[in-house]
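K.L.:
Supplied in structure tokens, the structure appears directly below.
The values are calculated or read from the model by the stated rules, or taken from the named source; none is laboratory data. These figures come from a predicted structure and were not determined experimentally. For neighbour counting, all protein chains shown are included, and Cβ atoms are generated from backbone atoms with ideal geometry for every residue, glycine included.
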Amino acid sequence: MYNTLTRNILRFVGLLLLQILVFDNIRLGNYVHPYVYVLFVMILPFDTERWKLIINGFLIGFAVDIFSGTPGLNAAATVFVAFLRPFIINVTTRKSDIEGKTAPTVSEMGLKWFFFYTLFLLVFHNLLLFWLEAFSVKLLGLVMLEVLMSVPASLFVIILVIYIFQPIKK
Amino acid sequence: MYNLFIFIKKYSAVILFILLELLCFLMVAYSLPYQNRKMVSVSNSIAGGIYKTTSNWNDYLHLKSENEKLAKQNALLMNMLGEDYSEDDTLITNGMYSFVPAHVIKNSIYELNNYMVIDKGRADGVEADMGVICAEGIVGIVVNVSNHYASVMSLLNSNTVVSARFVDNQYVANVLWDNQNYHFGVVKDIPSHLIINKGDTLVTSGFSNSYPPDIMVGTIEETEDNTNEMFSTAKLKFSTNFSTLRHVFIVKNNYQEEIDSLCITH
């Protein structure tokens, strides 16, 4: 219990700092914004209760919000991701696939599965986030473009981060 | 009653989800028009400290170019001082503006409404509506102040309107942001009989109390051919490079209260 908690706190702080200090400063063009902090919600263990997922999603989203001065924006998107996570896992796996596995990570589930899992969640995350952002400044035309450009960037960055911080054992 | 508990227990995740989403939506709805205010409250707390530390680290990487910029800034300020002293009627211009140097500790350039946070606040005499300039040109206007920080509405903001003057012919026009690229803005309300060329320079008109006159705004990048209308527009390249902004000066109009009192009474 102590180990899991410490690890999660470290992940929380690490991903938060990575997001606000590194990736918030990286913008390729006007529409690409990589989001790496979502990874925190994605790789929580399989047996995490749904309400815990949602609370965790809210916490990391809101932490990012505090630093970007956009209260509620990232939190809304991450809560949405946390809510959808069990459904996406259900759709993309069979019962037998996740038996004996602890968490939906690359090392346990394989890169191919993780790729599509992350892709689905990122699309929903980005859709809600950019829609909320645009909704308030009345520029809806940008949303689809932003999602289209940002999802691959986030996906790439997330997989990169996983390979840097969690080497795959062969 | 028992059924209600069963129901709540069964759908606790869904209920929690809906409640939190509602909370988030409310926060978004209430915060975005006042995003600047949030920026300041943010910079007071832990976030301000962290951003300040990282900006300190970043400063080391840009020491050389920053030195050059500061040298330019010095020259500019010396010029202003010189002009003031050479004026006959010193009461009008001498000491009209004073400048508070500040660091940009957070800056956004890719949003639709960009703000920055600077490390000077009420304690340093900074107040809302003061202009902010740098060695290269104008930067923005202070919109909110806390004790040690202030948030600045950057030129890169859909609410920005700057009154600017063509150096060549003294005509005044309005400068807005084009909402797309941090290099370019739009010059509006140019009388269409005016012939403007690429490279024409615009400086602040001094009509607003925020900016002193003759601070660089930018140069014309592209002219549009719309001779049928009363006013024409043109594309402007900002002289300020917002992506490398570090040292800025807050412009304090020493006679602001006096000017304001005139405006109220008439």
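K.L.:
Test residue A:124 against the stated conditions and say whether it is surrounded by 15 or more Cβ atoms within 10 Å (Cβ to Cβ) and either within 14 Å of chain B (Cβ to nearest Cβ) or in a helix (DSSP H, G or I) (or both). Give the derivation first.
P.N.:
Working: surrounded by 15 or more Cβ atoms within 10 Å (Cβ to Cβ): yes; either within 14 Å of chain B (Cβ to nearest Cβ) or in a helix (DSSP H, G or I) (or both): yes.
Criteria met by residue A:124.
K.L.:
Does the stretch B:98-121 hold any residues that are outside any strand (DSSP E or B) and either within 14 Å of chain A (Cβ to nearest Cβ) or small (Gly, Ala, Ser) (or both), and which are they? Steps first, answer last, please.
P.N.:
Of the residues in the stretch B:98-121, the ones outside any strand (DSSP E or B) are B:108-112, B:119-121.
Matches in the stretch B:98-121: B:108, B:109, B:110, B:111, B:112, B:121.
K.L.:
Can you give me the number of residues within the stretch B:238-263 that are in a helix (DSSP H, G or I) and either in contact with a Cys (Cβ under 9 Å, 6 or more places away or on another chain) or of a type outside the set (Ser, Thr, Tyr) (or both)? Can you show your working first?
P.N.:
In the first step, residues of the stretch B:238-263 are kept if they are in a helix (DSSP H, G or I); the result is B:242-244, B:256-263.
Within this subset, residues satisfying the condition of being either in contact with a Cys (Cβ under 9 Å, 6 or more places away or on another chain) or of a type outside the set (Ser, Thr, Tyr) (or both) are B:242, B:256-260, B:262-263.
Qualifying residue count, the stretch B:238-263: 8.
K.L.:
While we're looking at this one, here's another question. Restricting the stretch A:78-103 to residues that are at pLDDT below 85 and of a type in the set (A, V, I, L, M), which is farthest from residue A:42 (Cα to Cα)?
P.N.:
A:98
K.L.:
Moving on to the next point. Strands (runs of 3 or more DSSP E) wholly in the stretch B:128-175 with at least 2 residues that are within 14 Å of chain A (Cβ to nearest Cβ) and not β-branched (Val, Ile, Thr) - which ones? Reasoning before the result, please.
P.N.:
Values: elements: B:131-133, B:138-145, B:150-157, B:162-166.
By residue number, B:150-157.
K.L.:
With respect to residue A:70, determine if the residue is at the interface with chain B (Cβ under 8 Å from one of its Cβ atoms) and polar (S, T, N, Q). Please lay out each step first, then the result.
P.N.:
Working: at the interface with chain B (Cβ under 8 Å from one of its Cβ atoms): yes; polar (S, T, N, Q): yes.
So residue A:70 passes the test.
K.L.:
OK, next. Starting from residues that are at the interface with another protein chain (Cβ under 9 Å from one of its Cβ atoms) and either in contact (Cβ under 8 Å) with a residue 60 or more places away in the chain or in contact with a Phe, Trp or Tyr (Cβ under 8 Å, 6 or more places away or on another chain) (or both), keep the ones in the stretch A:32-58 and report whichever is surrounded by the fewest Cβ atoms within 10 Å (Cβ to Cβ).
P.N.:
Only one residue fits best here, namely A:50.
K.L.:
How about the stretch A:1-115: which helices (runs of 4 or more DSSP H) wholly inside it have at least 1 residues that are of a type in the set (Ser, Thr, Tyr)? Quick ask: steps written out before the conclusion?
P.N.:
Numbers: elements: A:2-17, A:39-42, A:50-68, A:73-92, A:95-98, A:106-109.
Fully inside the stretch A:1-115 and qualifying: A:2-17, A:50-68, A:73-92, A:95-98, A:106-109.
K.L.:
For the stretch B:142-160, state whether one or more residues are surrounded by fewer than 17 Cβ atoms within 10 Å (Cβ to Cβ), at pLDDT 85 or above and closer than 21 Å to residue B:110 by Cα.
P.N.:
Checked the stretch B:142-160: no residue is surrounded by fewer than 17 Cβ atoms within 10 Å (Cβ to Cβ), at pLDDT 85 or above and closer than 21 Å to residue B:110 by Cα.
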